[in-house]
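Everything on this sheet refers to the single structure shown next.
The values are calculated or read from the model by the stated rules, or taken from the named source; none is laboratory data. Worth saying up front: this structure is predicted, and the values here are computed from it rather than measured. Here the Cβ positions follow ideal geometry from the backbone for every residue, glycine too, while neighbour counts run over all protein chains shown.
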Amino acid sequence: MSEIIEGQQAPAFDMATDGGGRTSLAGLKGQKIVLFFYPKADTPTCTNEAKDFSALAGEFAAAGAVVIGVSRDPVKKLDRFKTKHDLKVILASDEPEEVTNAWGVWVQKKLYGREYMGIERATFLIDGAGVVRRVWRKVSVKGHVAEVLAAAQSL
């Protein structure tokens, strides 16, 4: 696992998505990609983040960007999460932790003195050539999606 930096080639990914689909870096070549990693579907902060991205889904599409949320949740849970909250973004499952490891977001965390491994909330903006253009680590959800949209629009 290495830290992803702006200007580097995006690590490849290929994941199952909600609705029985798949998404991959190669399959999205030529499009901007917003890849946001969140710890767990249907928890309060993760739900707010996914709803914020969904609320601006039309603006992201107008900017030529595909928005993909990534967690370790199984696809069936992602399907329920998407339906329950009427989400308008792609939800991808990384149960084997391959993508979260490759992107450096599978990290040691600490809560109430207990250490554990989990997904760091992070967002990456990738250009049509597959180059990482912006990186947001340890994301605070409030105002984040508007900042990501502005960056996508400026690419």
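Being in contact (Cβ under 8 Å) with a residue 24 or more places away in the chain, touching a Gly at 6+ places or on another chain (Cβ under 6 Å) and aromatic (Phe, Trp, Tyr) holds for only one residue in 13, 36, 81, 60, and it is 36. Just checking, does the stretch 85-94 include any residue being over 24 Å from residue 140 (Cβ atoms), modelled with pLDDT of 95 or more, among the small types (Gly, Ala, Ser) and part of a helix (DSSP H, G or I)? The answer is no; no qualifying residue exists. Residues in the stretch 73-105 that are of a type in the set (Ser, Thr, Tyr) and under 20 Å from residue 120 (Cβ atoms): 93, 100.
If you check 91, 111, 155, 125, which single one turns out to be touching a Gly at 6+ places or on another chain (Cβ under 7 Å) and of a type outside the set (Val, Ile, Thr)? Show your work before the answer.
Details: 111 fails: touching a Gly at 6+ places or on another chain (Cβ under 7 Å); 155 fails: touching a Gly at 6+ places or on another chain (Cβ under 7 Å); 125 fails: touching a Gly at 6+ places or on another chain (Cβ under 7 Å).
Going through 91, 111, 155, 125 in turn, just one is touching a Gly at 6+ places or on another chain (Cβ under 7 Å) and of a type outside the set (Val, Ile, Thr): 91.
Within the set of pairs 6 or more residues apart or between chains, which connect a residue that is surrounded by fewer than 16 Cβ atoms within 10 Å (Cβ to Cβ) inside the stretch 128-143 to a residue that is modelled with pLDDT of 95 or more and assigned to a loop (DSSP other than H, G, I, E, B) with Cβ atoms less than 6 Å apart? Pairs that qualify, where the first residue is surrounded by fewer than 16 Cβ atoms within 10 Å (Cβ to Cβ) and the partner is modelled with pLDDT of 95 or more and assigned to a loop (DSSP other than H, G, I, E, B), are 128/30; 128/31.
Each residue in the stretch 5-46 was checked for being under 20 Å from residue 145 (Cα atoms), assigned to a loop (DSSP other than H, G, I, E, B) and either in contact with a Phe, Trp or Tyr (Cβ under 7 Å, 6 or more places away or on another chain) or among the small types (Gly, Ala, Ser) (or both), and 2 of them qualify.
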